[in-house]
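Any read-out appearing in this document is the output of simple, stated calculations on the displayed coordinates, not a laboratory observation. This one's a predicted model, so the numbers in the text were calculated from it and none came from an experiment. Counting neighbours? That spans all protein chains shown, and the Cβs are built from the backbone with ideal geometry, glycine included.
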Amino acid sequence: MADLNICPLEELPPGTVKIVKDGELDIAVYNLGGELYALEDRCSHDDGPLCEGDFDPEEGFAVCPRHGAHIDIRTGNALTLPAYLPVDTFRVKLEAGIVKVEVPARAAARS
Ligand code: FES
């Protein structure tokens, strides 16, 4: 695993999301009330751009813009059809004020 730099924490206030596109791996980092969570920006139903749709920062789910599945941002679990498989999640950490995500080494090497 390696660290992928996302952004300074001040660029990701509560209730917002930051999407980082890095080759084939696209990751969205959400700030839900001060807690940070990272989700792959790829819906488990049909590879839709999951994190480019709306999300509910109070309930903590993303709404896939392609067919409307709700995905739990904290766990990656599918909450509503047509998605039923989980979406990949990633560990988020904060170092010296920079938000970072642990990713497979190949993805970080491209950043
Ligand atoms: S691609 Fe996300 S619900 Fe179909």
- Message: What aspartates and glutamates does residue 100 reach when the alpha-carbon gap must be under 17 Å and sequence neighbours fewer than 8 apart in one chain are set aside?
- Response: 3, 10, 11, 22, 26, 35, 40, 41, 88
- Item | Simple Cβ-charge dipole of the chain, Lys/Arg +1 and Asp/Glu -1, about Cα centre, in debye nearest 20 | 300
- Message: Full-extension gain between residue 7 and residue 21, please, as 0.36 nm times their residue separation minus the C-alpha to C-alpha distance.
- Response: 3.8 nm
- Item | Radius 15 Å from Cβ of residue 59, net charge of other residues (Lys, Arg +1; Asp, Glu -1) | -4
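Based on alpha-carbon positions alone, could you give the equivalent ellipsoid semi-axes of the chain from the gyration tensor, as √(5λ), descending, whole Å?
Numbers: eigenvalues 96, 53, 22 Å².
Those come to 22, 16, 10 Å.
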- Pair residue 93, residue 56: separation of 7 Å Cα→Cβ label points (nm): 3.3
- Using alpha-carbon pairs under 8 Å, 6+ residues apart, how would you state the relative contact order of the chain in percent? 29
